[in-house]
Each structure stands twice: as structure tokens, then as C-alpha cells.
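Report on the following structure.
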Amino acid sequence: MFSISTLIDVVRIPPSLFGTTLKKAAINILKEKYESMISADLGYIIMILDAKIDEMGKMIAGDGGTFHKVEFEVLTFYPKLQEIVLGEIVDITDFGAFVRIGPTDALLHLSQVMDDYLKSDVKSGMILANQSGRTLKVGSKLRARITAVSLGKVASMGKIGITCRQPFLGADEWIAEEIKKSGSETSKPKKEAEVEAS
């Protein structure tokens, strides 16, 4: 889930940035520190949106920089268990596929694709279903449910597991088939009821 969070920090503005505006200098320093970071509380910090910097800073003896309190907004992505996400397959491996969801990749293990015997063809970048003939390939768009989230300590890699083994999940064309099938099944009883009534 994407969200906007407000954080507070103190930034050190080095003498080399004294020529730029205080806000611009603070945002550049915050970007270097926070963007692309993973936090156990916030998830993936994607970007700094805005900052309010205290113009009155502090100086420390022996340090040429100034220290300013700053309140800033960040765009974050925190994957939640059971959340439905849209993604695109970016890599096929022997054990499944990596699916890009938001700013990161999630693992779709072969056992979580569908109820069918599956074969992973890494060379052609495809996952093939034996009985249904369905395929997934690099670039396929799909809908999945998050089943596992492990966000480690700050700046470490997070791990996300997803599944497509539930109704109305999987590749877009599979979902369209399911909707069409469920629509035709619900219309059949109406026709039979109309025949009985006449």
C-alpha cells in the first residue's frame, strides 16, 4: 500500500551548500539519506515529497556546518499481508517468477501460480501449464495476493511472497476467462427458471 508519511530529523548543511537555498540543500541531503531505504516501520521509502526546515540552525564548535531541524513528507510503499496487488513479471527462474509490484519485486513460486503441473522454461522466459495450456512470460501483467512479508532492519533487502492460487487472481486474460465463465453460469439458472415458469 502506498502512503505519505511525515518524519522529523536534523540535517547538517555543509559549508559547500551555503550558496543554495536552505530548503533545497536540506531536500538533497534527505534524498541521499532516505530514498531507496527500507524501514521495518514504513516499508520502502520511495521519495522525498516536501520539507519544512527550521531556518534557525545550530553550530557545533569545530564543525563548519549548521544543523537544522526538518519536518518532511515521504512517499512510502508498505506491502500488507492479504493485500491484492497488480504486477508485471520481470524475471523467470527455475523455481518461479519475480513480479514487480510498486518499487520492489515479489516472488511468485511455481507452487503458487495455479492448480496444474507447471514447467519453468528459463531460456524462453516462460512458465507453462501442462493441462490448461496457460502461460506466463516476462512482461505478463497479473493480479496476486501478498502471502508473506519480511522487511528487515533499515537498508536491508525485504522479501515478499505472492500467490495467484485463488479465484480471480493470475494473468489478466485468466481473470477475464473466469469472469466470462462465472457470468454465463449465473445466467443459466435464470433461463432454466424461465422455461419452468412457462
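Once the C-beta distance of Phe67 and Glu178 is scaled by a Förster radius of 41 Å, the resulting FRET efficiency is 0.10 to the nearest 0.05. The orientation-averaged projected area of the convex hull spanned by the Cα atoms of the stretch 89-183 comes to 6.5 nm².
Under 18 Å of direct C-alpha separation, and excluding same-chain neighbours fewer than eight residues apart, Lys181 reaches these aspartates and glutamates: Asp115, Asp172, Glu173, Glu192. Less than 5 angstrom separates the built amide H of Arg134 from those of Ala129, all sequence-distant by 5 or more or on a different chain.
Quick one: Leu169, Leu86, Leu110, fewest Cβ neighbours within 10 Å first, how do they rank?
On the way: Leu169 20, Leu86 13, Leu110 16.
Ranking Leu169, Leu86, Leu110 by Cβ neighbours within 10 Å, fewest first, gives Leu86, Leu110, Leu169.
For the stretch 82-148, the list of trypsin sites (Lys or Arg not before Pro) that fall in a loop by DSSP and count at most 15 other C-beta atoms within 10 angstrom reads Lys123.
What FRET efficiency comes out for Ala40 versus Val138 if R0 is 30 angstrom and r is the Cβ-Cβ distance? Round to the nearest 0.05. Write down the numbers at each step before the final one.
On the way: r = 31 Å, r/R0 = 1.04.
Plugging the Cβ-Cβ distance into 1/(1 + (r/R0)^6) gives 0.45.
Kindly provide the GluC sites (Glu not before Pro) of the stretch 14-68 that DSSP labels as loop, not H, G, I, E or B, and whose Cβ sees at most 11 other Cβ atoms within 10 Å. Filter output for the stretch 14-68: Glu55.
Excluding Leu75 itself, calculate the net charge of residues whose Cβ lies under 13 Å from the Cβ of Leu75, where each Lys or Arg counts +1 and each Asp or Glu counts -1. Taking every other residue near Leu75 into account, the sum is -2.
A Gaussian network model of the chain, with springs between Cα atoms under 10 Å, assigns the largest mean-square fluctuation among Leu22, Leu136, Leu107 to Leu22. Contact order for the chain, expressed relative to its length and based on alpha carbon pairs under 8 Å spaced 6+ residues apart, stands at 18 percent.
Computing FRET efficiency as 1/(1 + (r/R0)^6) for Asn28 and Val90, where r is the C-beta to C-beta distance and R0 is 30 Å, gives about 0.50. Listed here are the pairs Lys141/Lys180; Lys80/Lys119; Lys119/Lys180; Lys69/Lys159; which of them are more than 24 Å apart at the Cα? In this structure, Lys80/Lys119; Lys119/Lys180; Lys69/Lys159 exceed 24 Å between Cα atoms.
If you keep only loop residues by DSSP, which trypsin sites (Lys or Arg not before Pro) in the stretch 26-89 have at most 15 other Cβ atoms within 10 Å of their Cβ?
On the way: sites: Lys31, Lys33, Lys52, Lys58, Lys69, Lys80; in loops: Lys80.
The qualifying sites are Lys80.
Converting phi to 3J(HN,Hα) with the Karplus coefficients 6.51, -1.76 and 1.60 and the offset θ = phi - 60°, the stretch 36-42 yields 6, 8, 10, 10, 5, 8, 9 Hz in sequence order, with x at every glycine or proline.
Ignoring aspartates and glutamates fewer than eight residues from Lys24 along the same chain, the ones with Cα atoms less than 18 angstrom from its Cα are Asp9, Glu32, Glu35, Asp50, Asp54, Glu55, Glu71, Glu73.
Every number in this text was worked out from the coordinates using simple rules, so none of it is lab data. The shown structure was predicted, so the numbers you read here are calculated from the model rather than taken from an experiment. Every residue, glycine among them, receives a Cβ derived from its backbone with ideal geometry; neighbour counts consider all protein chains shown.
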